[in-house]
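For reference, the structure discussed in these notes is given below.
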Amino acid sequence: MSVMAEKSVYEQLGGEPAMAAAVEVFYRKVLADEHISHFFEDVDMERQAAKQKAFLTMVTGGPVHYSGKDMRAGHAPLVKRGLNDSHFDAVAGHLKATLEELGVAAPLVAKVMTIAESARADVLGR
Amino acid sequence: MAKVKHESDWYPLESGESVLDALLRQGVSIPNACRAGACQSCLMRAVAGTVPEAAQVGLKDTLRAQGYFLACACRPPEGTQLEVTGAEALRIPARIQALSSLSTSVLRVRLVTDSPLAYHAGQYISLVREDGLARSYSLASLPHEDALELHVRLQPGGAMSGWLAQDARPGDRLQVQGPAGSCFYVPGRPEQPLLLAGTGTGLAPLYGIVRDALAAGHSGPIWLFHGARTPEGLYLTSELRALAEQHPQFRYRPGVLEGGSRDVAEGALDVLIRAECPKPLGWRAWLCGDGPLVLSLRKKLFLAGLSLKDLHTDAFLPSVPTGQRSSDAGAR
Ligand SMILES: Cc1cc2nc3c(=O)[nH]c(=O)nc-3n(C[C@H](O)[C@H](O)[C@H](O)COP(=O)(O)OP(=O)(O)OC[C@H]3O[C@@H](n4cnc5c(N)ncnc54)[C@H](O)[C@@H]3O)c2cc1C
Ligand code: HEM
Ligand code: FES
């Protein structure tokens, strides 16, 4: 019997090195977007980039594990600062643009966007 | 409750308190300055117990492995028991060889260490005075030169800079701890364009890095932007112009906010940089000096396409007065 586990998008993209490249592209888009950049400004850009990498790894099905509860707790301070659907949509848009810019095939992009969308309620604390 | 043992006494920590704050609060004297994990003056060593990872950020692997940590960044979880000692073992005795002025507000300090200090031009050291006063300064010298060279800006009411300017004399003894920091030239890509930018004495590490890169035969363009409020804040201008004449790949660009002239551009540093280096993709950059300026320049250069791994920064964070808790300092 041959049961082959389906490769995650993360693996198909090229794993950790691909994430390291993607995070710069993504982080640049986020910082340049005045609608959401204030959530991401950090004295320590490396620390912030590491968190964005965790984000990208998560939505591509890579080896980081956050429960819905972690997502709620992690974003709760941002919800207090007014995080809403418009910000979520902006982040999702930059995620999509990043993947497209890196040449990720459309069906894979769609998969990632589904995973990201599934986190909406937890991220927005609903 | 977490607690810390120092010289045979145990000291309790309040919840969330740093080892530095707890020891200072209870009357133990520990060298410190920035209280934000940037200057490494508060280096200590854990001889028993484990310190949180965050307390070792920025330390060399060899120091980490020996249990060294930054006391200001060390907030052990409840229940931790730590036994700590100072970093005296890492300090090298030194004497002041010469003191001279580079401008009305900048002092050049030359130091000779009793034993050789292995460092890269552009890294920084902590100067520790006999009474324990500690401040960090960047190295403008090259390792093969016979003295360590520091550029110290005179800070009104400044404890270390005031002492160096008024009371210190050649022959006086101090201790040197370090080196630390990642602001230095790495050979291997001689064609890569380099961008160096700093304000005030942020020139010190850059002066070291430029000369190091040129000595290593760097052939790609090397841009040095030195900013000051007024022309009086610039220094080493003739040395740098002479260096630029000898090395066509080196471009020296002094700039001021007011009082520009034919030789000195007028405008904000980021604007001057953008005008001459609009697309720094694939470059390596070093940014040193005033904290907020360094951080905002870093963000702008990152957005302009520089990769985070090619962006090296030293923010010259000021000292935080004792009595003020590092958690209230707002330095980060
Ligand atoms: C990594 C690193 C590298 C450094 N390299 C250099 C260097 O190469 N050359 C150099 O001149 N300095 C450098 N500094 C700064 C230096 O360590 C001291 O903070 C500085 O010399 C002032 O020390 P002081 O004892 O003279 O003044 P302090 O007694 O510490 O300060 C007196 C008062 O002035 C305030 N103050 C001090 N500096 C500032 C400032 N910049 N802006 C606003 N308020 C301030 C203090 O908070 C205090 O209230 C560096 C700092 C770091 C963290
Ligand atoms: C697609 C949905 C999202 C997912 C799956 C997600 C996931 C994550 C993850 C995994 C982290 C790292 C947590 C850590 O390691 O501490 C993180 C941090 C962060 N996220 Fe999100 N995120 C999402 C949406 C958003 C949105 C819409 C914003 C704001 C506009 C946002 C802002 C942040 C910030 C600022 C941090 C860093 C927090 C800190 O500094 O501690 N995220 N996110
Ligand atoms: S690093 Fe701890 S006081 Fe500066």
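Answer yes if at least one residue in segment B:317-325 is open to solvent by less than 80 Å² (accessible area, probe 1.4 Å), touching a residue at least 12 places away in the same chain (Cβ under 8 Å) and within 14 Å of another protein chain (Cβ to nearest Cβ), and no otherwise.
Yes, because at least one residue in segment B:317-325 is open to solvent by less than 80 Å² (accessible area, probe 1.4 Å), touching a residue at least 12 places away in the same chain (Cβ under 8 Å) and within 14 Å of another protein chain (Cβ to nearest Cβ).
Starting from residues that are among the polar types (S, T, N, Q) and open to solvent by less than 30 Å² (accessible area, probe 1.4 Å), keep the ones in segment B:10-45 and report whichever is farthest from residue B:158 (Cα to Cα).
So the residue we want is B:18.
Which members of segment B:286-295 meet the condition of being open to solvent by 40 Å² or more (accessible area, probe 1.4 Å), touching a residue at least 40 places away in the same chain (Cβ under 8 Å) and part of a helix (DSSP H, G or I)?
Once the filter is applied, which keeps residues that are open to solvent by 40 Å² or more (accessible area, probe 1.4 Å), touching a residue at least 40 places away in the same chain (Cβ under 8 Å) and part of a helix (DSSP H, G or I), segment B:286-295 yields only B:293.
Is there any pair linking a residue in segment A:11-29 that is within 14 Å of chain B (Cβ to nearest Cβ) to one that is buried (at least 18 other Cβ atoms within 10 Å of the Cβ) and of a type in the set (Phe, Trp, Tyr), with Cβ under 9 Å and at least six apart or on different chains, and which?
Going by the 9 Å Cβ cut-off, the qualifying pairs are A:19/A:10; A:23/A:55; A:24/B:302; A:26/A:55; A:27/B:302; A:28/B:302.
Which of the residues belonging to segment B:235-285 are assigned to a loop (DSSP other than H, G, I, E, B) and open to solvent by 80 Å² or more (accessible area, probe 1.4 Å)?
The answer is B:248, B:257, B:258, B:262, B:278, B:279, B:281.
One residue is enough: does segment B:32-39 have a residue meeting the conditions more than 16 Å from ligand 2 (Cβ to nearest atom), touching a Lys or Arg at 6+ places or on another chain (Cβ under 9 Å) and charged (D, E, K, R)?
Within segment B:32-39, one or more residues are more than 16 Å from ligand 2 (Cβ to nearest atom), touching a Lys or Arg at 6+ places or on another chain (Cβ under 9 Å) and charged (D, E, K, R).
I'd like the full set of residues that are of a type in the set (Asp, Glu) and either surrounded by fewer than 17 Cβ atoms within 10 Å (Cβ to Cβ) or within 10 Å of residue A:60 (Cβ to Cβ) (or both), limited to segment A:107-126.
The one that is of a type in the set (Asp, Glu) and either surrounded by fewer than 17 Cβ atoms within 10 Å (Cβ to Cβ) or within 10 Å of residue A:60 (Cβ to Cβ) (or both): A:117.
All but one of (1) within 14 Å of chain A (Cβ to nearest Cβ); (2) open to solvent by 20 Å² or more (accessible area, probe 1.4 Å) hold for residue B:306; state the number of the condition that does not hold.
(2)
Exactly one condition in (1) assigned to a loop (DSSP other than H, G, I, E, B); (2) touching a Ser or Thr at 6+ places or on another chain (Cβ under 7 Å) is false for residue B:232; which is it?
Only one criterion is unmet by residue B:232, namely (1).
The values are calculated or read from the model by the stated rules, or taken from the named source; none is laboratory data. Treat the numbers as computed from the prediction; the structure is a model and nothing was measured. Note that we place each Cβ from the backbone using ideal geometry, even for glycine, and neighbour counts take in every protein chain shown. The protein model used for the area step is the full one, side chains on, heavy atoms only, and it has no ligands, DNA or RNA in it. Shrake-Rupley method; radii C 1.70, N 1.55, O 1.52, S 1.80 Å.
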